[in-house]
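The values are calculated or read from the model by the stated rules, or taken from the named source; none is laboratory data. Bear in mind the structure is a predicted one, so any value in this text is a computation, not a measurement. Here the Cβ positions follow ideal geometry from the backbone for every residue, glycine too, while neighbour counts run over all protein chains shown. Heavy atoms of the whole protein, side chains included, go into the accessibility calculation; ligands, DNA and RNA do not. Shrake-Rupley method; radii C 1.70, N 1.55, O 1.52, S 1.80 Å.
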There are 2 protein chains.
Amino acid sequence: MITLTEENYIKAIYHLGKYGVNNVSTNAIAKEMETKASSVTDMVKKLSEKSYVDYKKYQGVTLTGKGKEVAVNIVRKHRLWEVFLVEKLNFSWDEVHEVAEQLEHIKSKKLISQLDAFLEFPTHDPHGDPIPDKTGKIKKIDKILLSEAKIGDDCICVGVQDSSSDFLKYLDKNNIALGTELKVCHREPFDNSVTIRIKTKELIISNMIANNLFVKVS
Amino acid sequence: MITLTEENYIKAIYHLGKYGVNNVSTNAIAKEMETKASSVTDMVKKLSEKSYVDYKKYQGVTLTGKGKEVAVNIVRKHRLWEVFLVEKLNFSWDEVHEVAEQLEHIKSKKLISQLDAFLEFPTHDPHGDPIPDKTGKIKKIDKILLSEAKIGDDCICVGVQDSSSDFLKYLDKNNIALGTELKVCHREPFDNSVTIRIKTKELIISNMIANNLFVKVS
DNA sequence: AATAATTTTTAGATTAATCTAAAAATTATT
DNA sequence: AATAATTTTTAGATTAATCTAAAAATTATT
């Protein structure tokens, strides 16, 4: 049996290891989990004994195949529930995370396969993140950050890097949603702010915003 | 903050105290929770300190107003989720309990109010049990056990006492569902088995079955 | 390469929930 | 009413997850 806490550690290690980082450090996990490094060391030993992670003292951890399976399944559940909350229960995209954090731990294969079907097998969650299929396969889309787009590019908004409530509300306020088409008009060399055009309206976006918005160049 | 275990104890005390029993005994709780009496004593002290129950040593416990509120809210969530599972995710009525046991602990007011609306404010769960409203009000219907119905009564099936998978599957097999109309034809004095007629078909039902099926005399 | 700074682990303690075995209180029976 | 049977509580231990403070190992800096 896997405990709720173990699942959360595995998820944290998965997210931290996502971008090429092979050995996730104790401190990184502690920060992500909002706990102390000593607690992480204890838990990591336990996860290692149960062979969810490979761990050598002072060397950090990597998920094993078994660990990755658990992680991807949690991510799948989290994202399917997010779709449910937005599509069926009228949650806005900045409200779903907290609830999905709870729902992702419900254990029932039938529940998830039926939910998947009920939602008509969605491929992406409300933030544009891909939903792993039942076998754990995740299909990547070739998205780039708006801050990396070239002047003159016609883009379509496909995701967010940060999904904090403040950021998502900013996007709502400025009528930027997944699927929104925009053109990159100008990048100011001094602060890397970006002028974009949505339909006929121009909007100036800070570098920080541009760094958290994924687009696909069309 | 209330823990998951505390919620489960409160729920157990609620269900045990439902039928007039005022002081729920330590042993009764232990049996319901599949734990030991000594564990119950400890927990009951804690619940008493947090004023979810009134407790005097050796005297059993009663839920306080605060405790009842928690209990009814869990029951509401449990039953709403059961409706969701059956109506939207095509679960059969004997499959929902285990999953609902998990879902009932998800904490989000918005989730429940939106789910309620999505399901179009159901008043009863798939087993015929009433769903408390947001204020905790439960409306009773004047149901009786089939074993208490008189010969010649025209009844409509409105609920089950026991909701074990075995019992529910028996009902499915014999085409008895909520809303099924039946006539009480005969009661055998020797074993209290009951002959009923559904549409044109007669069926003999043991006393044990009749003791677990709620009907409304029409 | 030695020392300083940082990171990680160890040792020992704490809280929540549980257990077993024995003691205490209550209830049932003679 | 005294004794037996049952129920409940107490005492002390255990497991999971956490913490603080100190020790050990690693990494960075002079």
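Taking a quarter of the surface of the Cα convex hull of the stretch A:25-97 gives a mean projected area of 5.7 nm².
Ignoring everything except DSSP H segments at least 4 long, calculate the 222 nm mean residue ellipticity for chain B; use -39,500 (n - 2.57) per segment, divide by total residues, nearest 500. It would help to have the intermediate numbers written out before the result.
Details: 8 runs with 89 residues, N = 218.
After summing the helix terms and dividing by the residues of chain B, the value is -12500 deg cm²/dmol.
For chain A, the relative contact order is 15 percent, taking Cα pairs closer than 8 Å that sit 6 or more residues apart in sequence and dividing their mean separation by the residue count. Once backbone amide H atoms are built at 1.01 Å from N, A:CYS185 has A:GLY152, A:THR195, A:ILE196, A:ARG197 as its partners under 5 Å, excluding neighbours fewer than 5 places away on the same chain.
Rounded to the nearest 20 debye, the dipole size of the stretch A:144-217 about its Cα centre is 220 debye, using +1 on the Cβ of Lys and Arg and -1 on the Cβ of Asp and Glu. Buried accessible surface for the A/B pair, both sides summed and rounded to the nearest 100, is 1700 Å² with a 1.4 Å probe. B:GLU188 label point (Cα plus 7 Å toward Cβ) to equivalent points in the other copies: 9.0 nm, shortest first. Taking each of B:LYS45/B:LYS107; B:LYS66/B:LYS88; A:LYS169/B:LYS109 in turn, the alpha-carbon distance tops 31 angstrom for B:LYS66/B:LYS88. Across the stretch A:52-143, Cα-Cα pairs farther apart than 17 Å form 53% of the total. Once every Cα of the protein assembly as shown carries one equal point scatterer and solvent is ignored, give the base-10 log of I(q)/I(0) from the Debye formula at q = 0.07 Å⁻¹, two decimals. Each listed q corresponds, in turn, to -0.50.
Taking all protein chains as present, what is the carbon and sulfur share of the accessible area of the stretch B:96-218, in % to the nearest whole number, probe 1.4 Å? Exposed carbon and sulfur together represent 53 percent of the surface. Computed over the stretch B:111-218, the range of Cα coordinates on each principal axis works out to 51, 25, 23 Å, biggest value leading. Annotation: amide H of B:ASP125 within the under-5 Å range of B:ILE131, sequence separation 5 or more or interchain, hydrogens built in the peptide plane.
Can you pull the Kirkwood radius for chain B, inverse mean 1/r over Cα pairs, to one decimal in Å?
Evaluated on chain B, it is 19.0 Å.
3J(HN,Hα) couplings calculated from phi for the stretch A:65-77 with the Karplus curve 6.51 cos²θ - 1.76 cosθ + 1.60 (θ = phi - 60°) are, in sequence order, x, 4, x, 4, 4, 4, 4, 5, 5, 5, 4, 4, 5 Hz; Gly and Pro show x.
Between identical copies, the spacing of A:ASP172 label points, each set 7 Å from Cα toward the C-beta atom, reads 4.1 nm from nearest to farthest.
What whole-number volume per residue, in cubic angstrom, does the convex hull of the C-alpha atoms of the stretch A:4-63 give?
Values: hull volume 4.0 nm³, N = 60.
Once divided by residue count, the hull of the stretch A:4-63 is 67 Å³.
Each Lys and Arg Cβ is given +1 and each Asp and Glu Cβ -1; about its Cα centre, the stretch B:1-106 then shows a dipole of about 560 debye. The value of relative contact order for the stretch A:2-117, using C-alpha pairs under 8 Å at least six residues apart, is 23 percent. Between copies, the label points at B:SER38 (set 7 angstrom from Cα along Cα-to-Cβ) are spaced 3.0 nm, reported in nanometres from shortest to longest.
A straight chain from B:LYS88 to B:ALA177 at 0.36 nm per residue would run longer than the Cα-Cα distance by 30.2 nm.
In this calculation the C-beta distance from A:ASP162 to A:SER38 is compared with R0 = 35 Å, giving a FRET efficiency of 0.75. Rg then Dmax, both in Å and based on the Cα atoms of the stretch B:117-156: 13.8, 41.
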